[in-house]
1. Show me, for region 87-103, the HN-Hα J-couplings you get by feeding each phi into the Karplus relation (A = 6.51, B = -1.76, C = 1.60, θ = phi - 60°), rounded to Hz, glycine and proline as x.
2. Taking the Cα centre of region 58-101 as origin, work out the dipole magnitude from +1 charges on Lys and Arg Cβ and -1 charges on Asp and Glu Cβ, in debye rounded to 20.
3. Would you grab the residues whose amide H sits under 5 Å from the one on residue 55? Only those 5+ places off in sequence or on another chain, please, with H modelled 1.01 Å from N.
4. With every protein chain left in place, what is the accessible area of residue 58 in Å² (1.4 Å probe, nearest 10)?
5. Rank 60, 88 by accessible area, highest first, at a 1.4 Å probe radius?
6. Amide H of residue 73: which non-local residues (sequence gap of 5 or more, or other chain) have their own amide H closer than 5 Å, using H built in the peptide plane?
7. Considering only protein heavy atoms, what is the solvent-accessible area of residue 50 at a probe of 1.4 Å, reported in Å² to the nearest 10?
8. At what distance in nm do the modelled label points of residue 80 and residue 56 sit from each other, each positioned 7 Å from its Cα along Cα→Cβ?
Amino acid sequence: MASKNIDPLSVEEPSGAVEDEEETEEEHTAAAGGWSRETQVPGKVLRAHSDAVTAARLCFNDRCLLSCSADRTAILWDVASSRPLRVFDGVHSKTITECALIPNTNR
């Protein structure tokens, strides 16, 4: 089967899509809620925390990601490069369970 470039979050039908009368086994599996190549969503692994990540929030028009962890740190990430922009550590004495940015402030 030829590889397709499908956006799994798109609400529109792919251009030039051809309806086949026959359903392949892979398509049947996907329709039944199973795994298929078309149901995969691309992802990135960001490695810097030394313990479990407890929360993560996209920010700055989805260009950055703020994550917090049981290792008592929060990290601001550049999404495009997958690199930390800033590490906030030494402030908390316990697990950070939630993170958020407040618009128009330095917090």
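1. So the J values, rounded to whole Hz, are 10, 9, 9, x, 9, 9, 9, 10, 3, 8, 9, 8, 9, 7, 10, 9, x.
2. Dipole about the Cα centre, nearest 20: 80 debye.
3. 68
4. Result for residue 58: roughly 100 Å² accessible.
5. Largest accessible area first, the list is 60, 88.
6. So residue 73 has HN proximity to 96.
7. Its accessible surface works out to 100 Å², give or take rounding.
8. For the pair residue 80/residue 56, the computed spacing is 1.9 nm.
The values are calculated or read from the model by the stated rules, or taken from the named source; none is laboratory data. From a predicted model like this one, the values you see are computed outputs, not experimental measurements. We place every Cβ from the backbone using ideal geometry, glycine too, and count neighbours over all the protein chains shown. SASA here: full protein model, heavy atoms, side chains in, ligands and nucleic acids out. Shrake-Rupley method; radii C 1.70, N 1.55, O 1.52, S 1.80 Å.
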